[in-house]
Amino acid sequence: MAEQHPIALQRPGSIVIAVLTYRRTEDLRMVLPRLAEQAHSVSDAAAGTVLPQILVIDNDPAASGRSTVEAVAAAFKPGLITYIHEPKPGIAAARNRALAQSAFADLLIFIDDDEMPYGRWLAHLVNLQRATGASAVVGPVISDYQDEPDAWITAGRFFERRRLATGTPLTVAATNNLLLSVPKVRELNLEFDERFGLSGGSDTLFTRQLVRRGGTMLWCDEAIVVDRVPTMRLTRGWVLRRALRSGNSAARVSLELERTAGRRLAARSASLISGLIRLAGGAGQMALGLLAGSTTHEARGFRTAARGLGMASGAFGYVYQEYKRT
């Protein structure tokens, strides 16, 4: 399995599915066969379509996923699944490696290693992009819990994500279910900012830049992936840390998008004000929930306050590194 050079995908219509992974070998054993099915279903349905390739980017310096990927790949057509080792820490580096390795492809689709594609996921993404010429297409992520969440998590609806009508334009997205037009990415001179590699937010910045530079990003509600939420994430601490990080990276992204001192000052002020409003409003909602015995108000107030704290701290330049490694 070659690692050093871009995959030679030069025929029109070529597709790469990128799975970014970090020490999740069991998840890889589950998802790779499903992605292989998706790849074959697309090529079988459209005569002349190049069989999509699956690219596994392993961000573990120890390359812990290599043997698993090679074992799974051996059961399929040679070249269908390719293993790439990207030892530089941070998800942004792994995302950029996927872009580099897919330099000759037409489409690049990102999916997380702990997600499972549902139904005709790949076909729906590809068909919408080809029908519209969109620069990017985004699909929904549905949570499936490893264990039953406690009442606080359920009341807060923290793992319920948005659903929109297919074709709805977007201005921001994550890479957990994202199709990119590789030629359009090159045209817009885009890459993932590796300063956000250990803090999160490089996908937020990337997709906001894509739209700001004239790209189009559309929602595809039929292209569903299922996120398997482990027990370790079904805690108050994890939810609040994620909210703080999300607010922190959102403020930092807003600053990064502005190129002049005046506009950066305005963005900093807006993030600070918005953060303080959320912090105060969340504290009030939390107090109301505690007094009224409403778990929903209490839980959502806590998360709103945590996000507000993240935004306010980000406005002052603080960087919360959720993915910091020891």
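Numbers at a glance
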| quantity | calculated |
| --- | --- |
| The chain - mean residue ellipticity at 222 nm from DSSP helices (-39,500 (n - 2.57) per run, n ≥ 4, rounded to 500) | -15000 deg cm²/dmol |
| Selection from Thr304, Tyr318, Ser14 lying farthest towards where the dipole of the chain points positive, charges on Cβ | Tyr318 |
| The chain, dipole about Cα centre (Lys/Arg Cβ +1, Asp/Glu Cβ -1), debye to the nearest 20 | 1160 |
| Cα gyration tensor shape of region 206-326, rounded if a/c is under 1.5, else prolate or oblate by comparing a/b with b/c | oblate |
| On Cα atoms only, tilt of 202-212 relative to the major axis of the chain in degrees | 80 |
| Cubic angstrom per residue, convex hull over Cα atoms of region 15-232 | 125 |
| Fraction of beta bridges assigned by DSSP in the chain that are antiparallel (%, nearest 5) | 30 |
| Sorted peptide list for 164-174, 90-100, 27-37, criterion being average Cβ within 10 angstrom, highest first | 90-100, 27-37, 164-174 |
| Stretchable slack from Arg264 to Ala287, in nm (0.36 nm times residue separation minus alpha-carbon distance) | 4.9 nm |
| 0 to 90° range, to nearest 10: angle between helix 295-315 axis and the chain longest Cα axis | 80 |
| Whole-angstrom gap from region 297-326 to region 108-187, using each part's C-alpha centre | 24 |
| Region 236-315, relative contact order in percent, only Cα pairs under 8 angstrom and at least six apart counted | 47 |
| From phi via Karplus (6.51, -1.76, 1.60), per-residue ³J(HN,Hα) for region 143-158 in Hz, x at Gly/Pro | 8, 10, 7, 5, 10, 5, x, 6, 4, 5, 5, 4, 5, x, 6, 6 |
| The chain - percent relative contact order, Cα under 8 Å, separation 6 or more | 18 |
| Set of lysines near Lys184 by C-alpha distance (under 17 Å), chain-local residues within fewer than 8 positions excluded | none |
| Cα gyration tensor of region 139-252 - equivalent ellipsoid semi-axes, whole Å, descending | 28, 18, 11 |
| Total charge dipole magnitude, region 252-326, about the Cα centre, Cβ charges on Lys, Arg, Asp, Glu only, Debye to nearest 20 | 260 |
| Angle in degrees between helix 261-292 and the longest Cα principal axis of the chain, rounded to the nearest 10 | 70 |
| Residue with peak Gaussian network fluctuation, the chain [Cα springs, cutoff 10 Å], from Val19, Val138, Val185 | Val185 |
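Laboratory data are not the source of any read-out in this text; all were calculated from the coordinates shown. The model shown is predicted, which means the values in this text are computed figures rather than measured ones. Cβ coordinates were reconstructed from backbone atoms using ideal geometry, including for glycine residues, and neighbour counts include every protein chain displayed.
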